[in-house]
Amino acid sequence: MSALADVLLHAPSSLSRGERELIAAYVSAQNDCAFCHHSHAAVASCHFGDEGDLVASAVRDSETASVSPKMKALLAIAARVQRSGREVREADVARARSEGATDVEIHDTVLIAAAFCMFNRYVDGLGALTPSDLAGYRERARVVAEHGYAALLPKPTR
């Protein structure tokens, strides 16, 4: 799972790492997956250089958040995918394109949103403990923001 998250959120892309983490945190909040929401919100905040205000505002209301019009359009697509992939309309895609999103960025948004629906269900289905201390999320987030999710993978032993 960490390797897939690394490809989706940390590998080179025209969407910034912060933007991709924001999509992950946003979808996780919509799915009420506290662990994934807090984890990815913390990483996004590291990338954005704030204390979580941007992510919190986007989760509360993405249309009034201090994100770009392109990001608002991509979050609207992510919200539709979170409910059902079939809810994405041509008008949603047209809006994202008109705000400067490329087809690859739209594709990546849909892929991240769909993957996080699966990740959220996996984490919640395992009954993962959700730490309530947000400082712990921030400590781990600094490592992920700098080194990617591959840094969390166990090191091979010989």
### Task
Find all pairs meeting these conditions: Cβ atoms under 7 angstrom apart; at least six residues apart or on different chains; first residue within segment 1-26 and over 14 Å from Ala115 (Cα atoms); second residue outside any helix (DSSP H, G or I).
His10/Gly148; Ser14/Thr102; Arg17/His10
### Query
Which ones in segment 142-158 are farther than 17 Å from Ser45 by Cβ and either modelled with pLDDT of 75 or more or assigned to a helix (DSSP H, G or I) (or both)?
Ala150, Ala151, Leu152
### Summary
Within segment 114-141, of all residues that are modelled with pLDDT of 85 or more and among the charged types (D, E, K, R), the one surrounded by the most Cβ atoms within 10 Å (Cβ to Cβ) is Asp124
### Query
Which of the residues that make up segment 9-57 are surrounded by fewer than 24 Cβ atoms within 10 Å (Cβ to Cβ), within 19 Å of Tyr149 (Cα to Cα) and among the polar types (S, T, N, Q)?
Ser13, Ser14, Ser16
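Kindly evaluate Thr109 against the criterion of being within 18 Å of Gly18 (Cβ to Cβ), at pLDDT 95 or above and over 14 Å from the mean Cα position of the chain (by Cα). Break it down stepwise before answering.
Numbers: within 18 Å of Gly18 (Cβ to Cβ): yes; at pLDDT 95 or above: yes; over 14 Å from the mean Cα position of the chain (by Cα): no.
No: the conditions fail for Thr109.
Quick check on my filter: what residues within segment 24-38 are polar (S, T, N, Q) and assigned to a helix (DSSP H, G or I)? Before the answer, list the steps.
Filtering segment 24-38 for residues polar (S, T, N, Q) gives 28, 30-31.
Result: Ser28, Gln30.
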### Lone qualifier among Ala58, Ala78, Ala73 - being closer than 21 Å to Asp124 by Cβ, aliphatic (A, V, I, L, M) and touching a residue at least 24 places away in the same chain (Cβ under 8 Å)
Ala78
### Query
Out of (1) over 13 Å from the mean Cα position of the chain (by Cα); (2) over 20 Å from Ala11 (Cβ atoms), the odd one out for Ala58 is which?
(1)
### Message
Looking only at segment 77-113, filter to residues that are of a type in the set (Asp, Glu) and surrounded by fewer than 12 Cβ atoms within 10 Å (Cβ to Cβ); which one of those is farthest from Gln30 (Cα to Cα)?
### Response
Asp103
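Every residue, every condition in (1) in a helix (DSSP H, G or I); (2) among the aliphatic types (A, V, I, L, M), yes or no:
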site	(1), (2)
Ser13	no, no
Leu22	yes, yes
His40	yes, no
His47	yes, no
Val55	yes, yes
Ile77	yes, yes
Arg95	yes, no
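What tally of residues in segment 79-93 results from selecting those that are assigned to a helix (DSSP H, G or I) and among the polar types (S, T, N, Q)?
The first filter runs over segment 79-93 and keeps only residues assigned to a helix (DSSP H, G or I), leaving 79-83, 85-87, 90-93.
Right, trim to among the polar types (S, T, N, Q) and you get 82.
Residues in segment 79-93 being assigned to a helix (DSSP H, G or I) and among the polar types (S, T, N, Q): 1 in total.
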### Task
Find the residue count for segment 1-11, including only residues that are within 17 Å of Arg140 (Cβ to Cβ), more than 12 Å from the chain's Cα centre (by Cα) and not in a helix (DSSP H, G or I).
1
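The values are calculated or read from the model by the stated rules, or taken from the named source; none is laboratory data. Predicted model only: the values in this text are computed from it and were never measured. Virtual Cβ from ideal backbone geometry, glycine too; neighbours counted across all protein chains shown.
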